[in-house]
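Since the structure comes first, as structure tokens, the remarks are kept for the end.
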Amino acid sequence: MSKRKLKQDVREHLEGYSGAAARLDIEEYLTFFTDDAVMHGILEMFGQTGPLVGKEALRGFFGQAFAGLKWLIQLNSITNIGIGDDEETATASLGVQERAGGDGHEIIMIGRYDDKLVLTDDGWKFAERRLTVYKFAPVTDASSA
């Protein structure tokens, strides 16, 4: 398969992931990860440390987070996709702006994801995601935003 086609497939994976998050669909969201995926940088936004490791850890965190939201919007700007020489691994970097809200609360997050993906029989999957947060804050007057 051509590198161009592989890069397009990675791009579609990133877009599908954002769509699942926007729908707050935890089951679909988890399909974008390997069973042993590692996600860095999420817990630190909430004063905790360490990566989330494995789908069950992701389910525990994001299932609860999604349940507390009524809506979520994630805007991505993909800055780089690299395909490994083996054509079964890839890296991607993207800027992200996310805004989400629930009953009486709203947050904004601006950051960057650096990803490692693997090609499986079911398509590309995140093996590792590393989030660097530039801004994470409540929206102080969500009623006027």
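Any read-out appearing in this document is the output of simple, stated calculations on the displayed coordinates, not a laboratory observation. Fair warning: this is a prediction, and the values are worked out from it, not measured in the lab. Don't worry about glycine lacking a Cβ; one is built from the backbone with ideal geometry, like all the others, and counts go over all protein chains shown.
Remarks
- Estimated FRET transfer efficiency when R0 is 41 angstrom, pair K5-H105 (beta carbons, to 0.05): 0.45
- Between R23 and R59, the contour length at 0.36 nm per residue exceeds the Cα-Cα span by 11.4 nm.
- Virtual spin-label span in nm between T132 and T120, 7 Å along Cα→Cβ: 2.8 nm
- Lysine pairs in the range 3-144 with Cα atoms under 18 Å, if 8 or more residues apart or on separate chains: 9
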